[in-house]
Every structure is written in structure tokens, then in C-alpha cells.
Amino acid sequence: MITIHDKTFSPFISRDLIESRIAELSTQINTDYEGRNPLFLVVLNGAFLFASELVKNIPLTCEITFVRLSSYAQTESTGKVRQIIGLEEKLTDRDVIIIEDIVDTGLTMHQLLQQIQALAPRTVEIATLLHKPEAIKKAVDLRYVGFEIPNRFVVGYGLDYDGAGRNLDALYVLPE
Ligand code: IMP
């Protein structure tokens, strides 16, 4: 058990299991992108550990860039929108692989994908460490998924609870 702020979390997925699963995803990406030069778009902050573990096992010639999403901005026509911040690379004709920590409702990823697609990449795929299928509100096509997990709050391996816990080398879950 570990305590972060006011909550106590139980062990969920070990570092060994996470890393061996990520190695499998790397192998898939190596096969799928052989002879291409993909651009990895890492969504900060949560995806930093997943991304580093994933790309360590990818010997392809590739580029890695980092973006953030703004906090929600409300407009009358679109409702809540999160904009991409920090993207300097041209995506035109690139094979883009978005790296995310978790797809929960899918709303964030849906918006991100629309903004990326507007920049005319050749292809876009998503790699996410975690996916909560029960929580999904907006379906998105997830090509590389580390683990499908129940609709419970998790922390560690890049994911935070109120800013803390990202450094934990394994995943922990809030008991029901
Ligand atoms: P979505 O738009 O609901 O898919 O939310 C995605 C974002 O919510 C992720 O990038 C995380 O920052 C956050 N999130 C969702 N579930 C969890 C969780 O269990 N632990 C930590 N952060 C989470």
C-alpha cells in the first residue's frame, strides 16, 4: 500500500509486467513501421515514462516530440476544448504516433486527434499505456494499448493524483 495526500492505493500492475508489455508494443511498432520514419508525439505530463520505455526498444529512425494540452477553454460554439501547446514540427505527410498515458472517457483523445488530423499527417495512430473501456464516451481507434483496466482511479508510472505519484515505478489503484 502507498499513501499519496489523503488516499491510500493498492499495488495494481508491477514494474516488470508494465515493462514487458511495453516491450511487446515496441516490437509491434518496429514491425508496423519498418522502413518508415515515424514521429512520436508524446503528450505530457502523464506519458513521459511510458514514452521513454517504449522508444528505448525502437531502433527505427524516428523523431520524438513533446506537447501539452491546455487546460479546458470554453467557447460558445465548441464547448470545452483543449488546444495543443508546443508543437513545432510540421506534420504534413508524416507518420504520427501519439503517445498517451491513459484513455478514460476518450474525450481528450478525440479532440487531440481532430487537431492532429487537421495538420494533414500521412497517418496517425495512438499508443496508450492504459485504457478504461467501461468509461468510454467518445470511441477512438486505439492501435497500441498496454492494458485495458477497470473503471478505477490509478496512479504511478507517469500518472498522478493531484500532482503527485508520477515517479512511482509501478501502477497503484484506489480500492473500491
Ligand atoms: P479522458 O479525456 O477522460 O480520456 O481523460 C484523459 C486524461 O484524464 C488522462 O490523460 C489523465 O490525465 C486523466 N486520467 C483519467 N483517468 C485517470 C486515472 O485513473 N489516473 C490518473 N489520471 C487519469
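None of the figures in this text is laboratory data; all of them are computed from the coordinates on show. Here the structure is a predicted model, which means the values were calculated and not measured. FYI the Cβ positions are ideal-geometry reconstructions off the backbone, even for glycines, and counts take in every protein chain you see.
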Original post:
Can you give me the relative contact order of the chain as a percent, contacts being Cα pairs under 8 Å and 6 or more apart?
Top reply: 24
Original post:
Given a Förster radius of 30 Å and the C-beta distance between I64 and D16 as r, what FRET efficiency does 1/(1 + (r/R0)^6) yield to the nearest 0.05?
Top reply: 0.75
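Calculate, in nm to one decimal, what H5 and L119 gain on full extension: separation in residues at 0.36 nm each, minus their alpha carbon distance.
Working: separation 114, 0.36 × 114 = 41.04 nm, distance 4.03 nm.
Working it through step by step, the gained length comes to 37.0 nm.
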**OP:** Return the sequence-ordered ³J(HN,Hα) values of the stretch 43-51 in whole Hz as given by the Karplus equation 6.51 cos²θ - 1.76 cosθ + 1.60 applied to θ = phi - 60°, using x for Gly and Pro.
**Re:** 8, 7, 8, x, 8, 5, 6, 4, 4
Subject >> Cα-projected label distance for R82 with L44, points at 7 Å along beta-carbon direction, nm >> reply: 1.5
Subject >> Overall Cα dimensions of the stretch 1-119 - principal axes, largest extent first, Å >> reply: 45, 45, 20
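Which values, in whole Å and largest first, are the semi-axes of the equivalent ellipsoid of the stretch 82-132 obtained as the square root of 5 times each eigenvalue of the Cα gyration tensor? Can you show the working numbers first?
Values: eigenvalues 76, 29, 18 Å².
Each semi-axis is √(5λ); the values are 19, 12, 9 Å.
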Subject >> Measure of compaction for the stretch 48-168 (Cα Rg per 2.2 N^0.38 Å) >> reply: 1.09
**OP:** Determine, from the Cβ-Cβ distance of K90 and E24 and an R0 of 45 Å, the FRET efficiency 1/(1 + (r/R0)^6), rounded to the nearest 0.05.
**Re:** 0.90
**OP:** With label points built 7 Å along Cα→Cβ from the Cα atoms of R36 and A73, find their separation and express it in nm.
**Re:** 3.1
**OP:** Could you please state, rounded to a whole Å, how far the C-alpha centre of the stretch 113-169 is from the C-alpha centre of the stretch 42-106?
**Re:** 10
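Would you work out if the stretch 115-173 is rounded, prolate or oblate? Take a ≥ b ≥ c from the square roots of the eigenvalues of the alpha-carbon gyration tensor; rounded if a/c is under 1.5, else prolate when a/b is larger than b/c, oblate otherwise. Could you put the intermediate results ahead of the total?
Values: a/c = 2.32, a/b = 1.72, b/c = 1.35.
In terms of gyration-tensor shape, prolate.
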